[in-house]
Amino acid sequence: MSEAAARKQWTLPVRNRHLLLTRGRRRAMPPVKTLRVLGLQRGMSFLDIGCGPGYFSVPACRVVGKNGRVFACDISPVMIRELKTSAKERGYGNLTAKRNQGSRIPFPDACADFALIAFVLHGVSDVQPMLAESRRAMRKGAAIALIDWHKKPMDMGPPLEARFEPEELVNELRDAGFRKARWWDFDGNTYFVAAQAP
């Protein structure tokens, strides 16, 4: 049985979405600081794939500034609705949020300078279609970052059988045609994988 076949999909139930916006999570991985460390800058176009209620999308509106753009998508209409409300309450007019169907990203070709897939891939049966769609929506040389859970027992995150080893995601990015794929540990529980669109 292949690794992909053996891996079990898992998605956080929408009723538990409050867990995505806790103070503890913000302390552990401050979104503005994290985005800046990963390379997001003022004036960029940012694509958040599987954005949820906006843990990274809303702070990204601030990071890219009024001359930048934030494109965000999620399969849940509830998440998209909450994200739009949150951005509007903060006065951000540089966000476009849409619901996506499966791996299809509802934005134009080459719209993004930077793409993020954070804590999403454990809910996807085959990551290659999502990575192919990400690449389509990214400009030449654009950066992509994946954030995910280490595959080890812990009191948070998805079940172990739904997780990826970081080396697996490096290989998935390479298989999708991305360049300079590498990973590094964040806090012992989570890790980053980064690469560049060709």
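The values are calculated or read from the model by the stated rules, or taken from the named source; none is laboratory data. Predicted, not measured: the structure shown is a model, and the values here were computed from it. When we count neighbours, we look across all protein chains shown, and the Cβ atoms used for this are built from the backbone with ideal geometry, even at glycine.
Considering only the stretch 132-147, state which residues are basic (Lys, Arg) and not in a strand (DSSP E or B).
Arg135, Arg136
Has the stretch 148-165 got at least one residue that is of a type in the set (A, V, I, L, M, F, W, C), in contact with a strand residue (DSSP E or B) (Cβ under 8 Å, 6 or more places away or on another chain), surrounded by 15 or more Cβ atoms within 10 Å (Cβ to Cβ) and in a loop (DSSP other than H, G, I, E, B)?
Within the stretch 148-165 (the criterion being of a type in the set (A, V, I, L, M, F, W, C), in contact with a strand residue (DSSP E or B) (Cβ under 8 Å, 6 or more places away or on another chain), surrounded by 15 or more Cβ atoms within 10 Å (Cβ to Cβ) and in a loop (DSSP other than H, G, I, E, B)), the answer is yes, since at least one residue qualifies.
Okay, residues lined up against (1) surrounded by 16 or more Cβ atoms within 10 Å (Cβ to Cβ); (2) among the hydroxyl-bearing types (Ser, Thr, Tyr); (3) part of a helix (DSSP H, G or I):
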| site | (1), (2), (3) |
| --- | --- |
| Arg25 | no, no, yes |
| Gly52 | yes, no, no |
| Gly91 | no, no, no |
| Ser103 | yes, yes, no |
| Pro108 | no, no, no |
| Leu116 | yes, no, no |
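For Ala87, which of the numbered conditions (1) farther than 13 Å from Gly50 by Cβ; (2) out of contact with any Cys (no Cβ under 8 Å at 6 or more places or on another chain) fails to hold?
Just one mismatch for Ala87, condition (2).
Can you name the residue in the stretch 27-50 that is assigned to a helix (DSSP H, G or I) and not charged (D, E, K, R) and, of all such residues, is farthest from Lys98 (Cα to Cα)?
At the first step, the residues of the stretch 27-50 found to be assigned to a helix (DSSP H, G or I) are 27-28, 31-38.
With not charged (D, E, K, R) added as a condition, the list becomes 28, 31-32, 34-35, 37-38.
Working: Ala28: 28, Pro31: 21, Val32: 22, Thr34: 23, Leu35: 21, Val37: 26, Leu38: 24 Å.
By that ranking, first place goes to Ala28.
For the stretch 15-38, enumerate the residues that are among the hydrophobic types (A, V, I, L, M, F, W, C) and modelled with pLDDT under 75. Working first, answer last.
Within the stretch 15-38, the first condition is being among the hydrophobic types (A, V, I, L, M, F, W, C), and the residues that meet it are 19-21, 28-29, 32, 35, 37-38.
Answer for the stretch 15-38, where residues must be among the hydrophobic types (A, V, I, L, M, F, W, C) and modelled with pLDDT under 75: Leu19, Leu20, Leu21.
Test Asp126 against the stated conditions and say whether it is modelled with pLDDT under 95, among the acidic types (Asp, Glu) and either within 28 Å of Arg15 (Cα to Cα) or under 16 Å from the mean Cα position of the chain (by Cα) (or both). Explain how you work it out, then say what you get.
Values: modelled with pLDDT under 95: yes; among the acidic types (Asp, Glu): yes; either within 28 Å of Arg15 (Cα to Cα) or under 16 Å from the mean Cα position of the chain (by Cα) (or both): yes.
Here the answer is yes, as Asp126 does meet what is asked.
Only one of Ala110, Ala143, Ala132 is of a type in the set (A, V, I, L, M), modelled with pLDDT of 95 or more and either within 14 Å of the chain's Cα centre (by Cα) or closer than 13 Å to Ala194 by Cβ (or both); which? So that I can check it myself, show each step before the final result.
Details: Ala110 fails: either within 14 Å of the chain's Cα centre (by Cα) or closer than 13 Å to Ala194 by Cβ (or both); Ala132 fails: either within 14 Å of the chain's Cα centre (by Cα) or closer than 13 Å to Ala194 by Cβ (or both).
Going through Ala110, Ala143, Ala132 in turn, just one is of a type in the set (A, V, I, L, M), modelled with pLDDT of 95 or more and either within 14 Å of the chain's Cα centre (by Cα) or closer than 13 Å to Ala194 by Cβ (or both): Ala143.
What are the pairs, 6+ residues apart or on separate chains, where a residue within the stretch 18-33 that is free of Cβ contacts under 8 Å to residues at least 12 places away in the same chain has its Cβ under 8 Å from a residue that is surrounded by 11 or more Cβ atoms within 10 Å (Cβ to Cβ)?
Matching pairs, first to second residue: Leu19/Leu12; Leu19/Arg25.
When you look at Phe46, is it crowded, with 22+ Cβ neighbours inside 10 Å, in contact (Cβ under 8 Å) with a residue 12 or more places away in the chain, in contact with an Asp or Glu (Cβ under 6 Å, 6 or more places away or on another chain) and closer than 17 Å to Ala194 by Cβ, yes or no? Please lay out each step first, then the result.
On the way: crowded, with 22+ Cβ neighbours inside 10 Å: yes; in contact (Cβ under 8 Å) with a residue 12 or more places away in the chain: yes; in contact with an Asp or Glu (Cβ under 6 Å, 6 or more places away or on another chain): no; closer than 17 Å to Ala194 by Cβ: yes.
So Phe46 does not fit the description; no.
Any idea which residue in the stretch 106-120 is farthest from Pro59 (Cα to Cα), counting only those that are in contact (Cβ under 8 Å) with a residue 60 or more places away in the chain and of a type in the set (Gly, Ala, Ser)? Spell out the reasoning first.
First, the residues of the stretch 106-120 that are in contact (Cβ under 8 Å) with a residue 60 or more places away in the chain: 107, 111-120.
Applying the additional criterion that residues be of a type in the set (Gly, Ala, Ser) yields 112, 115, 118.
Values: Ala112: 17, Ala115: 14, Ala118: 14 Å.
Here the answer is Ala112.
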